[in-house]
Amino acid sequence: MSGHTTLQSVEKTIRVLEEFMHFDRAAIALSEIAEALGWSRPATHQYLTTLVHTGWLQQDSQRRYRLSIRAAAFGRFATAHAGVPEAVSRRMRALVEQLEEPISFAVRNGESALIVERIEPKRSLSVRREAERMLPLSSTSGQVLLAFDPHASDAEREPYLDELTAIRERGYSVHRAVWMGDAIEVIAVPLMQGDECLGALSVIAPEGRMVMEESITVMLEARRALESELAAEPGA
């Protein structure tokens, strides 16, 4: 941040909102937020009151705070319209050239995985038909997002618990399935920044066309390189 003038009040407001992501429940008490931030209760209360007044937080009958519908709507809009970092797009293009298969980047969007960018190879014999943008959390990318999302609840993970544990241990997910009449294979890896899962990178191909072990290695190497690149960016 050196060399740039910033507004501390704005930075602190953003910190308050971001702190809600670090709890495993929706409604948080003033004392808990103040302790997590390392601030006094009066100072924390001032920011929380401002956020309630402006519609970003709500306060329940027990005087606990939660993100508002406005915040949720903003999150959905940001998920759908925010640009994928150039480093991610650049790495995706490199993967398409290397694997010669479609590469997608998906993020968590409530109960779904949302594909925010997809890059196709120039070859004509790729997986047929237009790809869906919204995938269930039971999909390859969806399970990667669930496995590595520190904010996913036990209830969300419970139906896939054994598989999610295995995904976390090996660092990727592989599925073979029939999609819109085509037998396909999918490999997905998480993209992490610290403890946060930014999204899932995946490659999809007709069954039998990818050399699986080689393709898994390529995807894992791309993940490591991309995470190192993102960590080195200013403000990371």
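Numbers below:
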quantity	calculated
Conditions (1) within 23 Å of Leu95 (Cβ to Cβ); (2) touching a strand residue (DSSP E or B) at 6+ places or on another chain (Cβ under 8 Å): number failed by Pro136	(1)
Any chance Leu95 is in the same structural domain as Glu158 (by TED's automatic domain parsing), surrounded by 12 or more Cβ atoms within 10 Å (Cβ to Cβ), assigned to a helix (DSSP H, G or I) and modelled with pLDDT of 95 or more	yes
From the options Ala200, Ala183, Ala177, residue that is of a type in the set (A, V, I, L, M, F, W, C) and touching a residue at least 60 places away in the same chain (Cβ under 8 Å)	Ala200
Ala72 vs. criteria outside any strand (DSSP E or B) and loosely packed, with under 13 Cβ neighbours inside 10 Å	yes
Any hit, the stretch 205-223, residues being under 15 Å from the mean Cα position of the chain (by Cα) and either more than 19 Å from Arg108 (Cα to Cα) or surrounded by fewer than 21 Cβ atoms within 10 Å (Cβ to Cβ) (or both)	yes
Single match in Ala80, Ala26 (criterion: in contact with a Leu (Cβ under 8 Å, 6 or more places away or on another chain), modelled with pLDDT under 85 and either in a helix (DSSP H, G or I) or buried (at least 19 other Cβ atoms within 10 Å of the Cβ) (or both))	Ala80
Filtered residue count, the stretch 193-209, keeping only those that are at pLDDT below 95 and of a type in the set (A, V, I, L, M)	3
Pairs, first among the hydroxyl-bearing types (Ser, Thr, Tyr) in the stretch 17-45, second part of a loop (DSSP other than H, G, I, E, B) and modelled with pLDDT of 95 or more, C-beta under 6 Å, six or more apart	none
Condition broken by Phe105, with the remaining ones in (1) free of Cβ contacts under 8 Å to residues at least 60 places away in the same chain; (2) in contact with a strand residue (DSSP E or B) (Cβ under 8 Å, 6 or more places away or on another chain); (3) under 30 Å from Glu233 (Cα atoms); (4) among the aromatic types (Phe, Trp, Tyr) satisfied	(1)
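The values are calculated or read from the model by the stated rules, or taken from the named source; none is laboratory data. The shown structure was predicted, so the numbers you read here are calculated from the model rather than taken from an experiment. With ideal geometry, Cβ positions are generated from the backbone for all residues, glycine too; neighbour counts draw on all protein chains shown.
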